[in-house]
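The values are calculated or read from the model by the stated rules, or taken from the named source; none is laboratory data. Not measured: the values here are computed from a predicted model. Cβ: placed from backbone, ideal geometry, glycine included. Neighbour counts: every protein chain shown.
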Amino acid sequence: MTATLLATHRVEKPWGRHQLWPGFADPAPGADPVGEVWFQAPGDSTPDLLIKYLFTNEKLSVQVHPDDAEAHARGLPRGKDECWVILAAEPGATIGIGTRDTVAPDALRAAALDGSIERLIDWKPVKAGDFFYCASGTIHAIGPGLTLIEVQQNSETTYRLYDYGRPRELHLDGGVAVARTGPYVAPPMPGRVADDRTILVEGPKFVLERWPAGRRHFAMPAETTGWLIAVAGEGAVDGIGFRAGECLTLIGDCEIVAQPGADLLFAYPGGSRIDTDA
């Protein structure tokens, strides 16, 4: 067994916050707002998955990501499917995902240039406990007033279509080329319970499960990494402690002891099979 407690990398964003989330220190007075916290392993900059917390005080840009084939055609290592577990939402908080109707490429480009793309997006109300899977090619924008955990393919290839007048670069050629417009249709998610695990995602790119407190033993397949995300509570993996707001990578045989009240997410690459003894 090897369990590694990951370091955190704080990312300042214009849409971020000065009040974060329990387990994360707030930025110093006068410092730039923090929008993201990434979990990173020393010496491994390109694992299959990337785990983040997001803290939003303004709308994120309207954006879209390529899939694996589109990324490879552009010399990039992978596309970007992602999902969001909503931890907290202020009243009226929304996430834009998909467009209300199918939009032709020329019309999408024009709407991105004049700002009317905001009215094309389907803005969905969200609350704590909600879950969204955002496949590559889906136009999306995360709204203000949200704290969430994002599990994604490890790619920062983002085509920004619109940014509310902020002085940041747009990527209309790439974004329009990979965007698949139309109403968002959530992929069939099992949402099933296996033993005491809730399966949130069971896709080709990654699997995401939600685990309650308790003791469990499992074996990771050879050359496969799992990510254990402590949403609440505390515990230990083979003697290595963790608490809410931390993330560990796991390989080999592992035994987890999560104390009462713990709430865990466990992610690993798609196509792998993890057998557990809860």
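Figures for the structure shown
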read-out	value
Residue count, region 46-61 (criterion: of a type outside the set (A, V, I, L, M, F, W, C), over 12 Å from Val34 (Cβ atoms) and under 14 Å from the mean Cα position of the chain (by Cα))	1
Condition check for Val37: surrounded by fewer than 20 Cβ atoms within 10 Å (Cβ to Cβ), among the β-branched types (Val, Ile, Thr) and touching a Lys or Arg at 6+ places or on another chain (Cβ under 9 Å)	no
Residues located in region 144-160, provided they are buried (at least 18 other Cβ atoms within 10 Å of the Cβ) and closer than 20 Å to Leu108 by Cα	Thr157, Tyr159, Arg160
Some residue of region 45-64 being out of contact with any strand residue (DSSP E or B) (no Cβ under 9 Å at 6 or more places or on another chain) and assigned by TED's automatic domain parsing to the domain that holds Cys134	yes
Arg166 being within 18 Å of Gly16 (Cβ to Cβ), in contact with a strand residue (DSSP E or B) (Cβ under 8 Å, 6 or more places away or on another chain) and at pLDDT below 95	yes
Hits in region 10-34 (condition: part of a strand (DSSP E or B), of a type in the set (D, E, K, R) and either surrounded by fewer than 16 Cβ atoms within 10 Å (Cβ to Cβ) or in contact with an Asp or Glu (Cβ under 8 Å, 6 or more places away or on another chain) (or both))	Arg10, Glu12, Lys13
Qualifying residues in region 166-179 (those that are of a type outside the set (A, V, I, L, M, F, W, C) and in contact (Cβ under 8 Å) with a residue 12 or more places away in the chain) - the one surrounded by the fewest Cβ atoms within 10 Å (Cβ to Cβ)	Arg168
Filter result for Asp106 (in the same structural domain as Gly16 (by TED's automatic domain parsing), touching a residue at least 12 places away in the same chain (Cβ under 8 Å) and charged (D, E, K, R))	no
Residue check for Ala230: assigned to a strand (DSSP E or B) and more than 17 Å from the chain's Cα centre (by Cα)	no
Region 108-138, residues that are assigned to a strand (DSSP E or B) and among the hydrophobic types (A, V, I, L, M, F, W, C)	Ile121, Trp123, Phe131, Phe132, Cys134
Which listed residue, of Phe266, Phe206, Phe218, Phe242, is modelled with pLDDT under 90 and within 19 Å of Thr4 (Cβ to Cβ)	Phe218
Test: residue in region 213-224 that is surrounded by fewer than 20 Cβ atoms within 10 Å (Cβ to Cβ), farther than 30 Å from Gly79 by Cα and of a type in the set (Gly, Ala, Ser)	yes
Residue within region 85-101 that is assigned to a loop (DSSP other than H, G, I, E, B), touching a residue at least 60 places away in the same chain (Cβ under 8 Å) and in contact with a strand residue (DSSP E or B) (Cβ under 8 Å, 6 or more places away or on another chain) present	yes
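Per-residue answers, yes or no, for (1) outside any loop (DSSP other than H, G, I, E, B); (2) within 30 Å of Cys254 (Cβ to Cβ); (3) touching a Lys or Arg at 6+ places or on another chain (Cβ under 7 Å); (4) not hydroxyl-bearing (Ser, Thr, Tyr):
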site	(1), (2), (3), (4)
Gln63	yes, no, yes, yes
Glu70	yes, no, no, yes
Gly75	no, no, no, yes
Lys80	no, yes, no, yes
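Residues are listed down the side, and each one gets a yes or a no for (1) without any contact (Cβ under 8 Å) to a residue 40 or more places away in the chain; (2) touching a Ser or Thr at 6+ places or on another chain (Cβ under 6 Å):
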site	(1), (2)
Arg10	yes, no
Ala28	yes, no
Lys52	no, no
Asn57	no, no
His72	yes, no
Gly75	yes, no
Arg78	no, yes
